[in-house]
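Notes follow the structure.
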């Protein structure tokens, strides 16, 4: 069952141009990739900025101001993409919430 959900988006990426599902999957893929990259940027630079690593001098290769700049802007990009991601999946979120609250028996759209 899990693999069915994993296989479907990869199939949609290679559909004929103009397909609505393909466009939606491409947008979701790009947003998810952006979330991954910006999240990694925040995590890596956040670890480098820890006092222990500053004392070890690991930040000297790039400079603390550049690391802080990357950390801050990666965080801003991450938050913006997370908001867009949530908005794109709002109907699904509402449907699942209703199902959990037992206020609706409808099946959630994929």
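The values are calculated or read from the model by the stated rules, or taken from the named source; none is laboratory data. Everything numeric here is computed off the predicted structure, so don't read it as measured data. Here the Cβ positions follow ideal geometry from the backbone for every residue, glycine too, while neighbour counts run over all protein chains shown.
Once segment 95-106 is narrowed to residues that are at pLDDT below 70 and loosely packed, with under 12 Cβ neighbours inside 10 Å, the residue that is nearest to residue 22 (Cα to Cα) is 106.
Of the residues making up segment 57-77, those that are exposed (fewer than 11 other Cβ atoms within 10 Å of the Cβ) and assigned to a helix (DSSP H, G or I) number 3.
Of the residues in segment 32-44, not one is surrounded by 14 or more Cβ atoms within 10 Å (Cβ to Cβ), in contact with a helix residue (DSSP H, G or I) (Cβ under 6 Å, 6 or more places away or on another chain), modelled with pLDDT under 90 and assigned to a helix (DSSP H, G or I). Among (1) surrounded by 10 or more Cβ atoms within 10 Å (Cβ to Cβ); (2) under 21 Å from residue 20 (Cβ atoms); (3) modelled with pLDDT under 85, which single condition is residue 92 missing? All conditions pass for residue 92, except number (3). Tallying residues that are under 26 Å from the mean Cα position of the chain (by Cα) and farther than 22 Å from residue 78 by Cα within segment 18-61 yields 5.
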